[in-house]
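In what follows, a single structure is set out as structure tokens and then discussed.
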Amino acid sequence: MYAKKSDLSYKLCRWGLGAVFIYAGSIKLMEPQVFAVLIDAYGVLPVGLLMPVAIALPALEVIAGIGLIFDIEGSLSIIAGLLVTFIGILAYGVDMGLDIDCGCFGPEDPEAEAFHGLRGALYRDLVMLTGVIFMFSWRRYHDITPMKLSTLIKTVRKNRRTEDAYV
């Protein structure tokens, strides 16, 4: 019984973190110009890179979030890298004393209105990083191997062919 509860903990952590990244990335993709302004407030990128990053970063969040929900190989590593990057940037902002919206959940971020600071976002990202460490550890000690993207594609194609045969 214990193993089933802990298996569920792994899945819930994976699905929850995946959903957070899908949501955060989707919101930012809806208004990349506004997200570019939020990125610019940190002063860490040249102006020419703001729009490419404002589109590519949320797209990567969405792709990695979907990959994590389906337990696709590499998605947890991408999310870990994103979180470490976000933590570094947020720590920089806190150290610099910036009083800006973190930009984590796009321009309509309710957290920004409630707290208007970076410290809460930094703590939240640290908690999410703890979840990532839990998932890496769980995979290692329970010999879980994420699915390769090519395997998922083959499975989808096979299911499509089977459905087409019945039509």
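Coordinate-derived values only; no laboratory data. Worth saying up front: this structure is predicted, and the values here are computed from it rather than measured. Note that each Cβ is placed from the backbone with ideal geometry, even for glycine, and that neighbours are counted across all protein chains shown.
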Computed over the chain: longest principal axis from alpha-carbon atoms vs helix 149-166 long axis, angle to nearest 10 degrees, is 50 degrees
Tilt, helix 75-96 to longest principal axis of the chain (alpha-carbon atoms), in degrees rounded to tens, equals 10 degrees
Restricting to Cα pairs under 8 Å and 6 or more apart, the percent relative contact order of the chain works out to 26 percent
Magnitude of the Cβ-charge dipole (Lys and Arg +1, Asp and Glu -1) of the chain about the Cα centre, nearest 20 debye, reported as 1140 debye
Contour minus Cα-Cα span, Thr155 to Leu49, at 0.36 nm per residue, comes to 34.4 nm
Rg/Rh of the stretch 2-166 (Cα atoms, Kirkwood Rh), to two decimals, equals 1.04
To the nearest 10 degrees, the tilt of helix 119-141 (Cα long axis) against the first principal axis of the alpha carbons of the chain is 20 degrees
Descending packing, highest mean Cβ count within 10 Å first, for 77-83, 9-15 is 77-83, 9-15
With the dipole of the chain defined by +1 on each Lys or Arg Cβ and -1 on each Asp or Glu Cβ, the option from Leu82, Val37, Gly117 whose Cα lies farthest towards the positive pole is Leu82
Surrounding charge for Glu73, neighbours by C-beta under 12 angstrom, Lys/Arg +1, Asp/Glu -1, total +1
At 4 °C and 1.567 mPa s, the Stokes-Einstein diffusion coefficient in µm²/s for the stretch 1-71, with hydrodynamic radius from the Kirkwood sum on alpha carbon pairs, is 97 µm²/s
CD proxy, 222 nm, the chain: helix-only mean residue ellipticity via -39,500 (n - 2.57) per DSSP H run with n ≥ 4, per residue, nearest 500, stands at -26500 deg cm²/dmol
Once both label points are put 7 Å beyond Cα along the C-beta direction, the His142-Leu60 separation in nm becomes 2.8 nm
Of 28-38, 86-96, 43-53, ordering from highest average Cβ density within 10 Å down gives 28-38, 86-96, 43-53
